[in-house]
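Following: one structure in structure tokens, then a few remarks.
The values are calculated or read from the model by the stated rules, or taken from the named source; none is laboratory data. None of these values were measured; they are calculated from a predicted model. Neighbour counts are summed over all protein chains in view; Cβ atoms, including those assigned to glycine, are modelled from backbone coordinates with ideal geometry. The area values use the complete protein model at the heavy-atom level, side chains included, leaving out ligands, DNA and RNA. Shrake-Rupley method; radii C 1.70, N 1.55, O 1.52, S 1.80 Å.
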Amino acid sequence: MPRTVKLMQGNEACTVGALAAGLEFYAGYPITPSTEIAELCAEELPKVGGSFIQMEDEIASAAAIIGASLTGKKSMTATSGPGFSLMQELLGYASLCEVPVVFVNVQRVGPSTGMPTSPAQGDVMQARWGTHGDHPVIVLSPGNVKECFELTVRAFNLSERYRVPAIVLMDEVIGHMREKVELPDASELVIESRPAPKSRVGYKPYAAETDGGVPLMAPFGEGYRWHVTGLFHDETGFPSNKPEVADRLMRRLAAKIDRNEPVIRDFVTESLDDCEVAVISFGSSAMSALSAVRKARAAGIKAGMLRLRTIWPFPDEAVRELSSRVKAIVVPEMNLGQVALEVERASRCNAKVARVSKVNGELFRPEEILAAIMEAAK
Amino acid sequence: MRTEFRLSGSGGQGLLLAGIVLAEAAILEGKNAVQTQSYGPEARGGASKAEVVVSEDDIDYPKAIDPDFLLALTAEAYRTYGKVMGRGLVIVDASVPQSPEVTARTVRVPILATAADELGKKVVANIVALGVLGRVSGVVDLPTLESAVKNRVPKGTEDLNLKALRRGWEIAAAAAS
């Protein structure tokens, strides 16, 4: 099959990926540095029979994609930090009501309006814990333009498979960068859809019928009787205050992700086999880190890298195993140490963890990370 | 070999587009290319910078570290990025006054005047500059640049932009000699 080779922007690749995954509905409120995603969706969705709505704000945007998904349409919104903050309440609603939706957050410097056109990676913890209550989410982090395509497709697949919100956590560099990409043909992609019920008779919308504890999801408007509420609910979907119902629901929601962590987790490695100083990074920071690791190797230091493509669930086991056989782990990120906290927790003091932070709105220069690797190697 | 370009000026001059076309031309020639940008919140005005890295090999770090070529179309961009230039070549618009702070090798090319006076459209200064960069760097051929320009400029402006590109290619030769 012919493959497309072209110069493509990260935001563009994300949109093309969403369309390849079957996106039918986009609602959003444009914000730098994610705006190209809204623009392209507005252009492309009508051509494939889908819908684009520019909403009055980000709260409404998140509500609209949840509504559309409930009718059976694959749905997405894209935003940046300020908008992602506003979407948190609805993100929790999607988690509890088990509505598959994809949120794209192209990170810029925050808090608040921050630096609108400058890159940051400060929303790692917000993506995991921004909405209240324990709740399942999946967070993917593309490290180049091609992965903006691949991981957006995967975000839809995971979101549909487990009926959870999936977040594609990008940053300004990844979103705006253009590079040469070769995209797979549509026929090469595996596209998943939510598990569907076969009969209206006796349909219980929140009975956990599949192996992973994921209930079967009927599209609204097709004759299934179904109640959706942000209150805790039993298998019929109607509210319940019973402790045993609440406990069962909460634990089932968490288990959907926890039990499947081995198949969800995704990372790539570089020179880890004989590595003494490991770098753990993600997103655009990992591009600088890769350059630093190669420079360190050239200087005779046994450096390597583990690049996270899923941040949540966090790959505890992989980090623990790595920490047991290296001297130190260097964690460069464009925040004050959010992933480093997880690395410290998962490595259980096996190895020294060095935080390398950059919060001035600029991407790391490779030498900055190289210096940290040199220091850790001492 | 890695070749780094930094295109600088003010927002609205179209340097981002010039960077995109340069990267696309490199890809059309089978090379790898990465283009990044940095700009302020303004739609026009404010400092603007586009960077392009071209290489036969894999490109890990996407930004320019020690640019081989700096293009500067404003006095502000010339001073800001000119003084941090190392081994590379500064290509500055002829209207920009020289600064003792910039010690790197420099060529002065009448890019803005060529666009405004000769071609009658100052908006094509970015494509004139692209022609200059293409010729001086030797990274891409003129026919490839022409194809990339045709792919990326607004419909109906192809002829004007191709003229601007070729004119840039010509004045580069004059500046270098």
Discussion item. Just to verify a result, which residue in the stretch A:312-324, among those that are over 20 Å from residue A:378 (Cα atoms) and in a helix (DSSP H, G or I), is most open to solvent (accessible area, probe 1.4 Å)?
Written reply: A:317
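Here's the yes/no breakdown for (1) within 14 Å of another protein chain (Cβ to nearest Cβ); (2) surrounded by 16 or more Cβ atoms within 10 Å (Cβ to Cβ):
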| site | (1), (2) |
| --- | --- |
| A:208 | no, yes |
| A:221 | no, no |
| A:227 | no, no |
| A:279 | yes, yes |
| A:303 | yes, yes |
Response to the item:
residue A:26 vs (1) open to solvent by 10 Å² or more (accessible area, probe 1.4 Å); (2) touching a Cys at 6+ places or on another chain (Cβ under 7 Å): all pass except (1)
Practice prompt. Could you tell me whether the stretch A:124-142 includes any residue that is within 14 Å of chain B (Cβ to nearest Cβ) and within 24 Å of residue B:60 (Cα to Cα)?
Written response: yes
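Determine, yes or no, whether residue A:142 is open to solvent by 10 Å² or more (accessible area, probe 1.4 Å) and assigned to a loop (DSSP other than H, G, I, E, B).
No, not satisfied.
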Worksheet item: Does residue A:159 fit the bill of being modelled with pLDDT of 95 or more, hydroxyl-bearing (Ser, Thr, Tyr) and farther than 18 Å from residue B:36 by Cβ?
Response: yes
Worksheet item: Restricted to the stretch A:101-118, and to residues that are out of contact with any Leu (no Cβ under 9 Å at 6 or more places or on another chain) and more than 21 Å from residue A:143 (Cα to Cα), which residue is farthest from the other protein chains (Cβ to nearest Cβ)?
Response: A:111
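Are any residues in the stretch A:145-175 among the basic types (Lys, Arg), in a helix (DSSP H, G or I) and under 18 Å from residue A:253 (Cα atoms), and if so, which ones? Can you show your working first?
Let us first name the residues in the stretch A:145-175 that are among the basic types (Lys, Arg), namely A:146, A:154, A:161, A:163.
Subsequent filtering for residues that are in a helix (DSSP H, G or I) retains A:146, A:154, A:161.
Scanning the stretch A:145-175 gives a single hit, A:161.
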Worksheet item: Would it be correct to say that residue A:37 is open to solvent by 30 Å² or more (accessible area, probe 1.4 Å) and of a type in the set (Val, Ile, Thr)?
Response: no
Worksheet item: Can you pull out the residues in the stretch B:21-44 that are more than 9 Å from every other protein chain (Cβ to nearest Cβ), hydrophobic (A, V, I, L, M, F, W, C) and under 26 Å from residue A:109 (Cβ atoms)?
Response: B:43
Worksheet item: Hey, residue B:67 hits all of (1) over 15 Å from the mean Cα position of the chain (by Cα); (2) at negative phi but one; which does it fall short on?
Response: (1)
Practice prompt. Quick one: count up the residues across the stretch A:77-103 that are assigned to a helix (DSSP H, G or I), closer than 13 Å to residue A:61 by Cβ and open to solvent by less than 10 Å² (accessible area, probe 1.4 Å).
Written response: 5
Fill in: Output for the stretch B:52-84, where each listed residue is touching a Ser or Thr at 6+ places or on another chain (Cβ under 8 Å), assigned to a loop (DSSP other than H, G, I, E, B) and open to solvent by less than 70 Å² (accessible area, probe 1.4 Å)
B:60, B:61, B:62, B:63, B:68, B:73, B:74
Item to complete: Test residue A:294 against the criterion of being open to solvent by 10 Å² or more (accessible area, probe 1.4 Å), in contact with a strand residue (DSSP E or B) (Cβ under 9 Å, 6 or more places away or on another chain) and within 13 Å of chain B (Cβ to nearest Cβ), and give yes or no.
Response: yes
Discussion item. Name the residue that is least open to solvent (accessible area, probe 1.4 Å), counting only residues in the stretch A:367-378 that are more than 14 Å from every other protein chain (Cβ to nearest Cβ) and of a type outside the set (A, V, I, L, M, F, W, C).
Written reply: A:375
Worksheet item: From the residues in the stretch A:342-366 that are touching a Gly at 6+ places or on another chain (Cβ under 9 Å) and either open to solvent by 80 Å² or more (accessible area, probe 1.4 Å) or at pLDDT below 95 (or both), which one is nearest to the other protein chains (Cβ to nearest Cβ)?
Response: A:359
Worksheet entry | Hey, residue B:16 closer than 18 Å to residue A:175 by Cα and either without any contact (Cβ under 8 Å) to a residue 40 or more places away in the chain or more than 11 Å from chain A (Cβ to nearest Cβ) (or both) or not | yes
Worksheet item: open to solvent by 30 Å² or more (accessible area, probe 1.4 Å), of a type outside the set (A, V, I, L, M, F, W, C), under 12 Å from residue A:373 (Cβ atoms) and within 14 Å of chain B (Cβ to nearest Cβ): does that describe residue A:327?
Response: no
Discussion item. Against the conditions (1) modelled with pLDDT under 95; (2) more than 27 Å from residue A:368 (Cβ to Cβ), where does residue B:46 fall short? Just the number, please.
Written reply: (2)
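Residue-wise test of (1) under 15 Å from the mean Cα position of the chain (by Cα); (2) of a type in the set (Ser, Thr, Tyr).
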{"site": "B:90", "(1), (2)": "yes, no"}
{"site": "B:98", "(1), (2)": "no, no"}
{"site": "B:102", "(1), (2)": "no, no"}
{"site": "B:121", "(1), (2)": "no, no"}
{"site": "B:132", "(1), (2)": "yes, no"}
{"site": "B:144", "(1), (2)": "no, yes"}
{"site": "B:155", "(1), (2)": "no, no"}
{"site": "B:160", "(1), (2)": "no, no"}
{"site": "B:165", "(1), (2)": "yes, no"}
Discussion item. Conditions first: (1) closer than 25 Å to residue A:63 by Cα; (2) more than 20 Å from the chain's Cα centre (by Cα); (3) assigned to a helix (DSSP H, G or I); (4) among the small types (Gly, Ala, Ser). Residue A:221 passes all but one, so which condition is the exception?
Written reply: (3)
Discussion item. Cβ-Cβ distance below 9 Å, separation of 6 or more or different chains: which pairs start in the stretch A:322-350 with a residue that is in the same structural domain as residue A:122 (by TED's automatic domain parsing) and within 14 Å of residue A:121 (Cα to Cα) and end on one that is open to solvent by less than 10 Å² (accessible area, probe 1.4 Å) and not in a helix (DSSP H, G or I)?
Written reply: none
Worksheet item: Based on what the data block shows, is residue A:121 away from chain B (no Cβ under 14 Å), in a loop (DSSP other than H, G, I, E, B), open to solvent by less than 20 Å² (accessible area, probe 1.4 Å) and at pLDDT 95 or above?
Response: yes
Fill in: Failed condition for residue A:106, given (1) among the aliphatic types (A, V, I, L, M); (2) open to solvent by 10 Å² or more (accessible area, probe 1.4 Å); (3) in contact with a Gly (Cβ under 6 Å, 6 or more places away or on another chain)
(2)
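Rundown of residues vs (1) more than 14 Å from chain B (Cβ to nearest Cβ); (2) part of a loop (DSSP other than H, G, I, E, B), yes/no style:
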{"position": "A:7", "(1), (2)": "no, no"}
{"position": "A:38", "(1), (2)": "yes, no"}
{"position": "A:43", "(1), (2)": "yes, no"}
{"position": "A:56", "(1), (2)": "yes, yes"}
{"position": "A:59", "(1), (2)": "yes, no"}
